[in-house]
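In what follows, a single structure is set out as structure tokens and then discussed.
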Ligand SMILES: Cc1ncc(COP(=O)(O)O)c(C=O)c1O
């Protein structure tokens, strides 16, 4: 398999938010300067060739009607989580399909919450959480991450507990690894958070979309692996969109 990480692709005219849409009006780019698309997280190199090959092969059968994922789909997910994250006991019944992680977040919160409920989230917060939750009638309560003596961003458990109690919180979003601060949470950090959520019966939607993209030396720990209670308290969201750069697809 040959990967191409060096060719600079011209993405202009392909409807890419990263190059064709600056999210602020009337921005003038001075001559000699170019824009750096820090408003969207996709990549400027090609995806692995086997993916377009499989897409092209499938599209040759020109019927694109309603579908039901087949057994291989579930097996691929189960194997992926087993080999990469050491997850055991994952079953087909525990896996659902959604068109995107934010759609999955909304679906999960619509089950766990009533409209108007408050949802705990760490700040800084990925803007997709803010928009999708507020547009669906939920209110976000922010608990600021705090830098420790070494400058590492940590959860502020005291603040989380205070807000869970005061704001009557029963659902939270956990972003793991965390966007935008880039932390791959350590085991003890997740354990402490899940203990708190268990204590106050808070359900968790754990967005693990970034979990395949960790730097050497770091290991992603799925939230559901923290304890037996975490396993039943967590809806975990994963996607191939970051891992293989397929968001637009
Ligand atoms: C933390 C996080 N969750 C979700 C998404 C978007 O996921 P999707 O396009 O599958 O809805 C992003 C995209 O940047 C993200 O950073």
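The values are calculated or read from the model by the stated rules, or taken from the named source; none is laboratory data. The structure displayed is predicted, hence computed values, not measured ones. Glycine gets a Cβ as well: all are built from the backbone with ideal geometry, and neighbour counts include every protein chain shown.
A few points about this structure:
- Residue within segment 113-122 that is assigned to a helix (DSSP H, G or I), in contact (Cβ under 8 Å) with a residue 40 or more places away in the chain and surrounded by 15 or more Cβ atoms within 10 Å (Cβ to Cβ) present: no
- Restricting attention to segment 129-139, the residues that are touching a strand residue (DSSP E or B) at 6+ places or on another chain (Cβ under 9 Å) and under 27 Å from residue 248 (Cα atoms) add up to 5.
- Pairing residues of segment 20-46 that are free of Cβ contacts under 8 Å to residues at least 12 places away in the same chain with residues that are surrounded by fewer than 12 Cβ atoms within 10 Å (Cβ to Cβ), at Cβ distances under 7 Å and at least 6 apart in sequence or on separate chains, gives 20/12; 29/35.
- Taking the conditions (1) within 16 Å of the ligand (Cβ to nearest atom); (2) modelled with pLDDT of 95 or more in turn, residue 249 satisfies each one other than (2).
- Among the criteria (1) under 27 Å from residue 110 (Cβ atoms); (2) over 13 Å from the mean Cα position of the chain (by Cα), the one residue 218 does not fulfil is (1).
- No other residue among 24, 3, 64 is modelled with pLDDT under 90 and farther than 23 Å from residue 180 by Cα apart from 3.
- In segment 123-141, the qualifying residues are those that are loosely packed, with under 15 Cβ neighbours inside 10 Å and part of a strand (DSSP E or B), and the one that is farthest from the ligand (Cβ to nearest atom) is 139.
- Within segment 44-101, considering residues that are in a loop (DSSP other than H, G, I, E, B) and in contact with a helix residue (DSSP H, G or I) (Cβ under 7 Å, 6 or more places away or on another chain), the one nearest to the ligand (Cβ to nearest atom): 98
- Each residue in segment 83-100 was checked for being surrounded by 10 or more Cβ atoms within 10 Å (Cβ to Cβ) and over 13 Å from residue 224 (Cβ atoms), and 6 pass.
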